[in-house]
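Reviewing the structure listed below.
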Amino acid sequence: MEVRIYYEDTDAAGVVYHANYLKYLERARTEYFRERGLLVAELAAAGHVFPVVRMEVDFIAPARHDDLLSIETRPALSSGSSFSLRQQIFRTCDNRLLVKALVKLACVGPDLKARRIPKEVRQIVKSEVGSGGRMVAAGTVSNAEPVCRAGCKPSSGQGNEA
């Protein structure tokens, strides 16, 4: 999934405000399931909602106004009533890893009590745990060919600037 950074996404320093990355990750999780034929709203209507119960986020480098970001989502772990997704945010013009996250979601019903993950969700998650993709270690760049827009000025800073 791709996200363009707008002025409203940035803070006083001109970089994306850290909490906005959580919104982008949420959208990417929703799109991950939509691309596989599952709509979050339909799952909720059937009595299955998936709140985030744990999140580990590493902010590696900042995104800035007008950057185009690519967000990748892959299943990491699965159990009876919860599963974890690995997510990474890259700047598309230079394939720089900006943010990585491990997100644990629980399956709960309308009463907010744990429920078994629905079969269709469980099948998707289990079939893709450990599947290929561009997931890379922090601070590295993928081998994919960069898709640069005119005027792309990747940040030269290292470390936690986000």
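Determine the distance separating the Cα centre of the stretch 83-112 from the Cα centre of the stretch 6-55; give it in Å without decimals.
8
Just to check I understand the Karplus step: with θ = phi - 60° and J = 6.51 cos²θ - 1.76 cosθ + 1.60, what whole-Hz values come out for the stretch 97-113, glycine and proline as x?
6, 9, 9, 10, 9, 10, 10, 9, 10, 9, 9, 10, x, x, 7, 6, 9
Can you compute the radius of gyration and Dmax for the stretch 2-128, using only the Cα atoms, both in Å?
For the stretch 2-128, the Cα-based Rg and Dmax read 15.6, 45 Å.
Arrange Leu112, Leu77 by Cβ neighbour counts within 10 Å, fewest through most, would you? Walk me through the numbers on the way to the answer.
On the way: Leu112 10, Leu77 15.
Going from sparsest to densest Cβ surroundings: Leu112, Leu77.
Within 10 Å of each residue's Cβ, count the other Cβ atoms and sort Glu35, Glu120, Glu128 from fewest upward.
Values: Glu35 10, Glu120 14, Glu128 18.
With the sparsest Cβ surroundings first, the list reads Glu35, Glu120, Glu128.
Arrange the following residues from fewest to most other Cβ atoms within 10 Å of their Cβ: Ser70, Ser81, Ser127.
On the way: Ser70 19, Ser81 14, Ser127 10.
Going from least to most buried by this count: Ser127, Ser81, Ser70.
Throughout, read-outs are computed from the coordinates displayed, never taken from laboratory work. Predicted model only: the values in this text are computed from it and were never measured. Don't worry about glycine lacking a Cβ; one is built from the backbone with ideal geometry, like all the others, and counts go over all protein chains shown.
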